1. Just to be sure I understand the model, the point goes 7 Å from the Cα along the line to the Cβ. What's the resulting Gln196 to His317 distance in nm?
2. Could you give the length gained by full extension between Ala172 and Asn27, i.e. 0.36 nm per residue of separation minus their alpha carbon distance, to one decimal place?
3. If I take every Cα pair under 8 Å that is 6 or more residues apart in region 6-62, average their sequence separation and divide by the length, what percent do I get for the relative contact order?
4. Among rounded, prolate and oblate, which fits region 308-392 when a ≥ b ≥ c are the square roots of the eigenvalues of its C-alpha gyration tensor, a/c under 1.5 means rounded, and a/b larger than b/c means prolate?
5. So if R0 is 56 Å, what FRET efficiency would Lys278 and Gln383 give, r being the distance between their Cβ atoms, rounded to the nearest 0.05?
6. What residues qualify as long-range amide H neighbours of Arg227, i.e. H under 5 Å apart, gap of 5 or more or another chain, H built at 1.01 Å from N?
7. Between rounded, prolate and oblate, where does region 6-62 land on the alpha carbon gyration tensor, with a ≥ b ≥ c its root eigenvalues, rounded for a/c under 1.5, else prolate if a/b exceeds b/c?
8. How much solvent-accessible surface does Asp367 expose, in Å² to the nearest 10, with a 1.4 Å probe and all protein chains in place?
Amino acid sequence: MPFSNTHNKYKQKFSAEEEFPDLSKHNNHMAKVLTPALYQKLRDKETPSGFTLDDAIQTGVDNPGGSPRGVRDLAPLPRGSPTHPWGPRPTRGDLNLPVGARDPFPVPCPIPSAPSQCRSQDGVAWVGSRWVGSEGRGLKERGLQQGRGSPWVGSGAGCARGVSRCSPRPPAALNSLDGEFKGKYYPLKAMTEQEQQQLIDDHFLFDKPVSPLLLASGMARDWPDARGIWHNDNKTFLVWVNEEDHLRVISMEKGGNMKEVFRRFCVGLKKIEEIFKKAGHPFMWTEHLGYILTCPSNLGTGLRGGVHVRLQHLSQHPKFEEILKRLRLQKRGTGGVDTAAVGAVFDISNADRLGFSEVEQVQMVVDGVKLMVEMEKKLEQKQPIDDMIPAQK
């Protein structure tokens, strides 16, 4: 939980050596880069709202982590500033980027303007509803989501109540959309029981954070104040407001038409960006880091393209994890992160946010899921898949 300004100033009475956290048993990226010298250099820096380095690193201090790639510092941004107080930039090794990937610094991350470039191996941009047979094998649902933040206000980890409530008037902006994006905003704290149940049934409603990573950073403060959900009338385009990032834009539908999901995502996100730009609140983006979001693991495109797919046999294969790694994909449970895969239905998505464009990241999901469904069919027929295991991307 972020400290008060008074407490942060009180800590300056002690030396950097006395205040430096014990990271001897930590195995996350924050602990890797935070040295006593760096801590001494930055500990007295603060944003205009009074947020300090100690506030930014608290999540990493409270959660030692189990992997060197466990990056989870949540820091608010000073108004108008593109810089997080995290210290040295990660190396290519830290980011686990392939040799052929573009260097992510700088990485231009514009909203994609050519969704038609997303293609499958046969030149078609969708991964195939033909895979969903009567036996229920194959794709169930796919979606794209991407976070966005405004430099006008700090992130939820260190944002004042008054600022978060008006920042930057997202309900009015979203409700002004028309055409296929015409919809309605539902504030969490003013939601009727009927509206709440409907959003639960639609799998739209996000819960109060329970993860120790988010709780340590103060992301659940004043819940559910200033949080809300907007969706279009067709329930295919959705925006979470102040869940973790200022906005999380989601395009989704059942079936396998990833091209249409991506088209709607690109068009809708562009419309939202234009509205915010006219209001004087453009999305935060820098050539050094791409889009600036609350968690550094989302720096770059901030995009996660996910497909719900049943992999009953492949998920039991001893090389399942290796296959995912080689395809640069990650798996989550049916209900998302830290949930079980009910009925062997996994949420498969891109593992990278840096080093690739949005089109390339979505294409990795399209091609990777296509290959894994083919593997699943082989295993279902009790045939080997050793010759299908891909090289590392």
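The values are calculated or read from the model by the stated rules, or taken from the named source; none is laboratory data. Being a predicted model, the structure only gives us computed values, none of them experimental. Positions of Cβ are backbone-derived with ideal geometry, glycine not excepted, and every protein chain shown enters the neighbour counts. Please note that ligands, DNA and RNA were not included when accessible areas were found on the heavy atoms of the full protein model with its side chains. Shrake-Rupley method; radii C 1.70, N 1.55, O 1.52, S 1.80 Å.
1. The answer from the label model is 4.4 nm.
2. Going from the current span to full extension adds 47.9 nm.
3. It rounds to 37 percent for region 6-62.
4. oblate
5. 0.45
6. Result for Arg227 returns Leu188, Lys189.
7. Cα axes put region 6-62 in the prolate bin.
8. My reading of the accessible area for Asp367 is about 30 Å².
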